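The values are calculated or read from the model by the stated rules, or taken from the named source; none is laboratory data. The structure displayed is predicted, hence computed values, not measured ones. Reconstructed Cβ throughout: ideal geometry from the backbone, glycine too, with neighbour counts over all protein chains shown. These area figures cover heavy atoms from the full protein model, side chains too; ligands, DNA and RNA do not enter into them. Shrake-Rupley method; radii C 1.70, N 1.55, O 1.52, S 1.80 Å.
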Amino acid sequence: MLRSFFIALSTNRTLRSFSERSSVGRAMSSRFVAGMQVEEALDVAAKLNKEGIAVSLDSLGESVSTREEAEHSASIYYDLLEAIETRKLNANVSLKLTQMGMDFDPALAEEITAGIVARAAMAQSFVRIDMEGSGLTDATLSMTQRLFLRFPGRVGTVLQAYLFRTESDAEKLIAEGIRIRLCKGAYKEPPEIAFPAKADVDANYVKLMKRLVTSRVFCGIATHDEAIVDQLREFVVANGVPKSAFEFQMLYGIRRDLQRKLVKEGYGVRVYVPFGTEWFPYFMRRLAERPANVLFLAKNFFKS
Ligand code: FAD
(Lines give C-alpha, C1' and ligand atoms only; values in the text may rest on other atoms or scores of the structure.)
Protein backbone atom coordinates (compact mmCIF):
# COMPACT_ATOMS: atom_id res chain seq x y z
CA MET A 1 0.00 0.00 0.00
CA LEU A 2 2.81 2.41 0.92
CA ARG A 3 4.46 1.62 -2.42
CA SER A 4 1.32 2.76 -4.28
CA PHE A 5 1.07 5.84 -2.05
CA PHE A 6 4.59 7.05 -2.86
CA ILE A 7 4.25 6.21 -6.55
CA ALA A 8 1.03 8.27 -6.63
CA LEU A 9 2.82 11.16 -4.88
CA SER A 10 5.61 11.02 -7.48
CA THR A 11 3.21 12.41 -10.11
CA ASN A 12 1.67 15.14 -7.91
CA ARG A 13 2.68 18.40 -9.58
CA THR A 14 1.85 20.74 -6.69
CA LEU A 15 3.80 18.75 -4.14
CA ARG A 16 6.62 18.35 -6.66
CA SER A 17 6.97 22.05 -7.30
CA PHE A 18 6.75 22.92 -3.60
CA SER A 19 9.28 20.25 -2.54
CA GLU A 20 11.80 20.92 -5.30
CA ARG A 21 12.02 24.56 -4.20
CA SER A 22 12.29 23.86 -0.47
CA SER A 23 15.69 23.58 1.17
CA VAL A 24 14.41 20.84 3.51
CA GLY A 25 13.32 18.80 0.50
CA ARG A 26 16.68 19.26 -1.18
CA ALA A 27 18.51 18.23 1.96
CA MET A 28 16.39 15.07 2.23
CA SER A 29 16.91 14.19 -1.43
CA SER A 30 20.70 14.29 -1.06
CA ARG A 31 20.56 10.72 0.21
CA PHE A 32 19.80 9.58 -3.36
CA VAL A 33 20.63 12.61 -5.52
CA ALA A 34 24.25 13.57 -6.20
CA GLY A 35 23.66 17.33 -6.18
CA MET A 36 21.73 20.03 -7.97
CA GLN A 37 24.46 21.02 -10.45
CA VAL A 38 26.29 19.20 -13.26
CA GLU A 39 29.67 19.88 -11.61
CA GLU A 40 28.62 18.17 -8.38
CA ALA A 41 27.58 15.05 -10.27
CA LEU A 42 30.82 15.03 -12.25
CA ASP A 43 32.81 15.23 -9.00
CA VAL A 44 30.85 12.29 -7.60
CA ALA A 45 31.51 10.37 -10.82
CA ALA A 46 35.25 11.07 -10.59
CA LYS A 47 35.29 9.87 -6.98
CA LEU A 48 33.45 6.66 -7.85
CA ASN A 49 35.80 6.07 -10.79
CA LYS A 50 38.75 6.28 -8.37
CA GLU A 51 37.19 3.39 -6.45
CA GLY A 52 36.93 1.35 -9.65
CA ILE A 53 33.21 2.02 -10.14
CA ALA A 54 31.85 3.09 -13.54
CA VAL A 55 29.00 5.60 -13.68
CA SER A 56 25.85 6.40 -15.61
CA LEU A 57 24.97 10.08 -15.23
CA ASP A 58 21.32 11.01 -15.20
CA SER A 59 20.09 14.58 -15.39
CA LEU A 60 16.82 14.33 -13.47
CA GLY A 61 13.67 15.44 -15.21
CA GLU A 62 10.65 13.79 -16.77
CA SER A 63 7.30 14.58 -18.33
CA VAL A 64 8.27 17.94 -19.82
CA SER A 65 5.48 19.69 -21.72
CA THR A 66 7.16 22.18 -24.07
CA ARG A 67 9.81 22.08 -26.81
CA GLU A 68 11.91 24.60 -24.86
CA GLU A 69 11.98 22.32 -21.80
CA ALA A 70 12.91 19.32 -23.94
CA GLU A 71 15.70 21.25 -25.65
CA HIS A 72 16.94 22.47 -22.29
CA SER A 73 17.06 18.84 -21.04
CA ALA A 74 19.08 17.90 -24.11
CA SER A 75 21.53 20.75 -23.61
CA ILE A 76 22.46 19.34 -20.20
CA TYR A 77 23.25 15.99 -21.83
CA TYR A 78 25.51 17.70 -24.39
CA ASP A 79 27.38 19.37 -21.50
CA LEU A 80 27.63 16.04 -19.70
CA LEU A 81 29.04 14.21 -22.71
CA GLU A 82 31.58 16.94 -23.29
CA ALA A 83 32.64 16.84 -19.64
CA ILE A 84 32.90 13.03 -19.71
CA GLU A 85 35.37 13.43 -22.58
CA THR A 86 37.41 16.28 -21.13
CA ARG A 87 37.57 14.83 -17.63
CA LYS A 88 38.20 11.34 -19.07
CA LEU A 89 35.50 9.83 -16.88
CA ASN A 90 34.50 6.20 -17.03
CA ALA A 91 30.88 7.21 -17.51
CA ASN A 92 27.94 7.12 -19.87
CA VAL A 93 24.50 8.75 -19.64
CA SER A 94 20.95 7.64 -18.90
CA LEU A 95 17.91 9.61 -20.00
CA LYS A 96 14.13 9.41 -20.07
CA LEU A 97 12.13 9.94 -23.26
CA THR A 98 9.46 12.00 -21.45
CA GLN A 99 12.30 14.39 -20.60
CA MET A 100 12.84 14.84 -24.35
CA GLY A 101 9.20 15.59 -25.18
CA MET A 102 7.76 12.08 -25.66
CA ASP A 103 4.45 12.94 -23.96
CA PHE A 104 3.51 15.67 -26.42
CA ASP A 105 5.64 15.14 -29.56
CA PRO A 106 7.25 11.71 -30.08
CA ALA A 107 8.93 12.84 -33.32
CA LEU A 108 10.60 15.71 -31.45
CA ALA A 109 11.70 13.31 -28.70
CA GLU A 110 13.28 11.06 -31.31
CA GLU A 111 15.04 13.93 -33.05
CA ILE A 112 16.42 15.23 -29.74
CA THR A 113 17.45 11.79 -28.50
CA ALA A 114 19.15 11.01 -31.82
CA GLY A 115 21.21 14.19 -31.41
CA ILE A 116 22.34 13.08 -27.96
CA VAL A 117 23.21 9.58 -29.17
CA ALA A 118 25.18 11.07 -32.08
CA ARG A 119 27.14 13.21 -29.60
CA ALA A 120 27.72 10.14 -27.39
CA ALA A 121 28.99 8.22 -30.41
CA MET A 122 31.53 11.00 -31.08
CA ALA A 123 32.74 10.63 -27.50
CA GLN A 124 32.83 6.81 -27.82
CA SER A 125 30.21 6.82 -25.08
CA PHE A 126 26.77 5.27 -24.69
CA VAL A 127 23.20 6.37 -24.02
CA ARG A 128 20.86 4.26 -21.92
CA ILE A 129 17.19 5.00 -22.48
CA ASP A 130 15.51 4.40 -19.13
CA MET A 131 12.19 2.57 -19.14
CA GLU A 132 9.18 4.46 -17.80
CA GLY A 133 5.55 3.35 -17.26
CA SER A 134 4.02 0.63 -19.45
CA GLY A 135 2.21 3.19 -21.64
CA LEU A 136 5.65 3.93 -23.10
CA THR A 137 7.15 0.44 -23.38
CA ASP A 138 6.40 -0.10 -27.07
CA ALA A 139 7.48 3.40 -28.06
CA THR A 140 10.70 3.19 -26.02
CA LEU A 141 11.65 -0.17 -27.50
CA SER A 142 10.93 0.83 -31.08
CA MET A 143 12.78 4.11 -30.75
CA THR A 144 15.78 2.30 -29.26
CA GLN A 145 15.73 -0.16 -32.16
CA ARG A 146 15.65 2.64 -34.76
CA LEU A 147 18.43 4.58 -33.03
CA PHE A 148 20.54 1.43 -32.69
CA LEU A 149 20.37 0.95 -36.47
CA ARG A 150 21.71 4.49 -36.91
CA PHE A 151 24.28 4.31 -34.08
CA PRO A 152 25.17 0.65 -33.55
CA GLY A 153 26.47 -0.11 -30.07
CA ARG A 154 25.85 3.45 -28.81
CA VAL A 155 22.35 3.08 -27.40
CA GLY A 156 20.52 0.54 -25.28
CA THR A 157 17.49 0.39 -23.06
CA VAL A 158 15.97 -1.12 -19.94
CA LEU A 159 13.59 -4.04 -19.40
CA GLN A 160 11.47 -4.52 -16.28
CA ALA A 161 11.09 -8.00 -14.79
CA TYR A 162 7.62 -7.21 -13.40
CA LEU A 163 6.08 -7.08 -16.90
CA PHE A 164 4.78 -10.35 -18.44
CA ARG A 165 5.98 -9.22 -21.86
CA THR A 166 9.64 -8.80 -20.88
CA GLU A 167 10.82 -12.30 -21.79
CA SER A 168 9.68 -11.84 -25.36
CA ASP A 169 11.05 -8.26 -25.53
CA ALA A 170 14.40 -9.51 -24.28
CA GLU A 171 14.62 -12.09 -27.06
CA LYS A 172 13.95 -9.41 -29.69
CA LEU A 173 16.59 -7.03 -28.35
CA ILE A 174 19.16 -9.81 -27.91
CA ALA A 175 18.61 -10.92 -31.53
CA GLU A 176 19.47 -7.38 -32.65
CA GLY A 177 22.50 -7.11 -30.34
CA ILE A 178 20.98 -4.30 -28.26
CA ARG A 179 22.27 -3.96 -24.71
CA ILE A 180 19.70 -4.43 -21.97
CA ARG A 181 19.70 -3.18 -18.41
CA LEU A 182 17.48 -5.52 -16.41
CA CYS A 183 15.62 -4.06 -13.43
CA LYS A 184 12.57 -5.15 -11.45
CA GLY A 185 10.48 -2.08 -12.38
CA ALA A 186 9.64 1.05 -10.41
CA TYR A 187 6.16 2.09 -11.59
CA LYS A 188 2.62 1.09 -10.63
CA GLU A 189 1.34 -1.44 -13.17
CA PRO A 190 -2.00 -3.32 -13.28
CA PRO A 191 -2.17 -7.10 -12.63
CA GLU A 192 -3.32 -7.69 -16.24
CA ILE A 193 0.19 -6.91 -17.48
CA ALA A 194 2.55 -7.25 -14.50
CA PHE A 195 3.22 -9.72 -11.69
CA PRO A 196 1.51 -8.34 -8.58
CA ALA A 197 3.52 -10.50 -6.13
CA LYS A 198 7.12 -9.58 -5.37
CA ALA A 199 8.13 -13.25 -5.23
CA ASP A 200 7.01 -13.68 -8.85
CA VAL A 201 8.88 -10.54 -9.95
CA ASP A 202 12.02 -11.84 -8.25
CA ALA A 203 11.67 -15.29 -9.86
CA ASN A 204 11.19 -13.72 -13.29
CA TYR A 205 14.19 -11.47 -12.66
CA VAL A 206 16.41 -14.47 -11.95
CA LYS A 207 15.19 -16.33 -15.03
CA LEU A 208 15.76 -13.31 -17.30
CA MET A 209 19.11 -12.48 -15.72
CA LYS A 210 20.42 -15.98 -16.51
CA ARG A 211 19.24 -15.62 -20.10
CA LEU A 212 20.89 -12.20 -20.48
CA VAL A 213 24.30 -13.07 -19.08
CA THR A 214 24.54 -16.06 -21.43
CA SER A 215 23.21 -14.14 -24.46
CA ARG A 216 26.59 -12.86 -25.66
CA VAL A 217 25.20 -9.32 -25.62
CA PHE A 218 26.75 -7.33 -22.76
CA CYS A 219 24.09 -6.54 -20.17
CA GLY A 220 23.51 -4.59 -16.95
CA ILE A 221 22.16 -6.47 -13.95
CA ALA A 222 20.50 -3.62 -12.06
CA THR A 223 19.51 -4.67 -8.58
CA HIS A 224 20.42 -4.22 -4.91
CA ASP A 225 18.89 -7.56 -4.02
CA GLU A 226 21.77 -9.42 -2.44
CA ALA A 227 20.06 -12.81 -2.74
CA ILE A 228 19.82 -12.29 -6.50
CA VAL A 229 23.40 -11.01 -6.68
CA ASP A 230 24.50 -14.19 -4.89
CA GLN A 231 22.51 -16.37 -7.28
CA LEU A 232 24.24 -14.72 -10.22
CA ARG A 233 27.68 -15.18 -8.69
CA GLU A 234 26.97 -18.92 -8.27
CA PHE A 235 25.45 -19.20 -11.72
CA VAL A 236 28.40 -17.64 -13.53
CA VAL A 237 30.87 -19.89 -11.76
CA ALA A 238 28.80 -23.04 -12.43
CA ASN A 239 28.31 -22.14 -16.09
CA GLY A 240 31.68 -20.65 -16.96
CA VAL A 241 30.18 -17.23 -17.78
CA PRO A 242 33.00 -14.66 -17.93
CA LYS A 243 32.75 -11.61 -15.66
CA SER A 244 33.12 -9.49 -18.80
CA ALA A 245 29.68 -10.63 -20.01
CA PHE A 246 27.83 -8.25 -17.71
CA GLU A 247 28.10 -5.57 -15.06
CA PHE A 248 26.18 -5.01 -11.86
CA GLN A 249 24.35 -1.69 -11.73
CA MET A 250 23.12 0.06 -8.59
CA LEU A 251 21.69 3.43 -7.67
CA TYR A 252 23.70 6.20 -6.05
CA GLY A 253 23.41 6.01 -2.27
CA ILE A 254 22.05 2.46 -2.12
CA ARG A 255 24.05 -0.55 -0.89
CA ARG A 256 27.44 1.16 -1.15
CA ASP A 257 28.87 -1.75 0.85
CA LEU A 258 27.75 -4.25 -1.77
CA GLN A 259 29.03 -2.07 -4.63
CA ARG A 260 32.50 -2.01 -3.12
CA LYS A 261 32.50 -5.71 -2.26
CA LEU A 262 31.66 -6.63 -5.86
CA VAL A 263 34.43 -4.38 -7.20
CA LYS A 264 36.91 -6.10 -4.88
CA GLU A 265 35.79 -9.45 -6.27
CA GLY A 266 36.57 -8.26 -9.79
CA TYR A 267 33.02 -7.68 -11.07
CA GLY A 268 32.15 -4.68 -13.18
CA VAL A 269 29.99 -2.27 -11.20
CA ARG A 270 28.26 0.84 -12.54
CA VAL A 271 26.47 3.33 -10.33
CA TYR A 272 23.57 5.38 -11.65
CA VAL A 273 24.23 8.95 -10.53
CA PRO A 274 21.17 11.23 -10.73
CA PHE A 275 21.46 14.96 -10.21
CA GLY A 276 19.53 18.16 -10.80
CA THR A 277 16.79 20.29 -9.38
CA GLU A 278 13.95 18.08 -10.65
CA TRP A 279 14.52 15.30 -8.17
CA PHE A 280 11.03 14.84 -6.72
CA PRO A 281 9.55 11.94 -8.81
CA TYR A 282 12.85 10.01 -8.65
CA PHE A 283 13.05 10.50 -4.89
CA MET A 284 9.44 9.35 -4.37
CA ARG A 285 10.11 6.16 -6.33
CA ARG A 286 13.09 5.43 -4.05
CA LEU A 287 10.83 5.86 -1.02
CA ALA A 288 8.25 3.58 -2.67
CA GLU A 289 10.83 0.83 -3.00
CA ARG A 290 11.66 0.96 0.68
CA PRO A 291 9.22 2.90 2.85
CA ALA A 292 11.63 2.36 5.78
CA ASN A 293 13.69 5.08 4.04
CA VAL A 294 11.18 7.63 5.29
CA LEU A 295 11.97 6.81 8.92
CA PHE A 296 15.67 6.65 8.17
CA LEU A 297 15.63 10.08 6.51
CA ALA A 298 13.46 11.64 9.21
CA LYS A 299 15.75 10.33 11.98
CA ASN A 300 18.86 11.67 10.26
CA PHE A 301 17.22 14.95 9.45
CA PHE A 302 16.27 15.66 13.06
CA LYS A 303 19.70 14.50 14.27
CA SER A 304 21.55 17.01 12.10
P1 FAD B 1 14.21 -4.84 -4.10
O2 FAD B 1 13.65 -6.20 -3.88
O3 FAD B 1 13.26 -3.70 -4.25
O4 FAD B 1 15.24 -4.49 -2.96
C5 FAD B 1 16.23 -5.40 -2.54
C6 FAD B 1 17.04 -4.75 -1.44
O7 FAD B 1 17.76 -3.64 -1.98
C8 FAD B 1 16.22 -4.14 -0.31
O9 FAD B 1 15.93 -5.10 0.67
C10 FAD B 1 17.15 -3.05 0.19
O11 FAD B 1 18.17 -3.60 0.98
C12 FAD B 1 17.78 -2.55 -1.08
N13 FAD B 1 17.01 -1.44 -1.67
C14 FAD B 1 16.25 -1.47 -2.79
N15 FAD B 1 15.73 -0.26 -3.05
C16 FAD B 1 16.16 0.54 -2.07
C17 FAD B 1 15.96 1.92 -1.78
N18 FAD B 1 15.22 2.71 -2.55
N19 FAD B 1 16.57 2.42 -0.68
C20 FAD B 1 17.35 1.66 0.11
N21 FAD B 1 17.57 0.35 -0.11
C22 FAD B 1 16.98 -0.20 -1.18
N23 FAD B 1 13.26 1.07 -12.81
C24 FAD B 1 12.51 1.33 -13.91
O25 FAD B 1 11.29 1.09 -13.90
N26 FAD B 1 13.09 1.85 -15.04
C27 FAD B 1 14.43 2.08 -15.13
O28 FAD B 1 14.91 2.53 -16.16
C29 FAD B 1 15.24 1.79 -13.99
N30 FAD B 1 16.57 1.99 -14.01
C31 FAD B 1 17.33 1.56 -12.95
C32 FAD B 1 18.72 1.64 -13.01
C33 FAD B 1 19.50 1.10 -12.01
C34 FAD B 1 20.99 1.16 -12.11
C35 FAD B 1 18.87 0.47 -10.88
C36 FAD B 1 19.68 -0.17 -9.80
C37 FAD B 1 17.50 0.44 -10.78
C38 FAD B 1 16.72 0.99 -11.79
N39 FAD B 1 15.33 0.97 -11.71
C40 FAD B 1 14.59 1.28 -12.82
C41 FAD B 1 14.65 0.70 -10.41
C42 FAD B 1 14.28 -0.75 -10.26
O43 FAD B 1 13.24 -1.09 -11.15
C44 FAD B 1 13.82 -1.06 -8.82
O45 FAD B 1 12.69 -0.30 -8.51
C46 FAD B 1 14.88 -0.81 -7.77
O47 FAD B 1 16.14 -1.13 -8.23
C48 FAD B 1 14.62 -1.65 -6.50
O49 FAD B 1 14.65 -3.00 -6.83
P50 FAD B 1 15.82 -4.00 -6.36
O51 FAD B 1 16.17 -4.83 -7.55
O52 FAD B 1 16.93 -3.26 -5.78
O53 FAD B 1 15.14 -4.99 -5.37
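The table below lists the values:
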quantity: Long pairs among LYS47/LYS96; LYS50/LYS88; LYS96/LYS172; LYS184/LYS207, criterion Cα-Cα beyond 18 Å; calculated: LYS47/LYS96; LYS96/LYS172
quantity: Length-normalised contact order for the stretch 53-109 - Cα pairs under 8 Å, 6+ apart - percent; calculated: 49 percent
quantity: Three-way shape label, the stretch 33-278, alpha-carbon gyration tensor, a/c 1.5; calculated: oblate
quantity: GNM flexibility winner over the chain from ARG119, ARG286, ARG150 (Cα, springs under 10 Å); calculated: ARG150
quantity: Accessible area per residue in Å² at 1.4 Å probe, computed on the chain; calculated: 46 Å²
quantity: Carbon plus sulfur fraction of accessible area for the stretch 1-120, probe 1.4 Å, in percent; calculated: 56 percent
quantity: Mean Cβ neighbour count within 10 Å, used as a protection proxy, ranking 151-161, 82-92, 236-246 highest first; calculated: 151-161, 82-92, 236-246
quantity: Charged-residue dipole, Cβ positions (Lys, Arg, Asp, Glu), the stretch 201-298 about Cα centre, Debye nearest 20; calculated: 200 debye
quantity: Among SER65, GLY266, ALA203 - extreme Cα towards positive end, dipole of the stretch 33-278, charges at beta-carbon; calculated: GLY266
quantity: Charge dipole (debye, nearest 20) of the chain; +1 at Cβ of Lys and Arg, -1 at Cβ of Asp and Glu; calculated: 980 debye
quantity: Simple label model, 7 Å out from Cα along Cβ direction - SER30 to ASP43, nm; calculated: 1.1 nm
quantity: Carbon/sulfur fraction of accessible area - the stretch 157-304, other protein chains in place, 1.4 Å, %; calculated: 58 percent
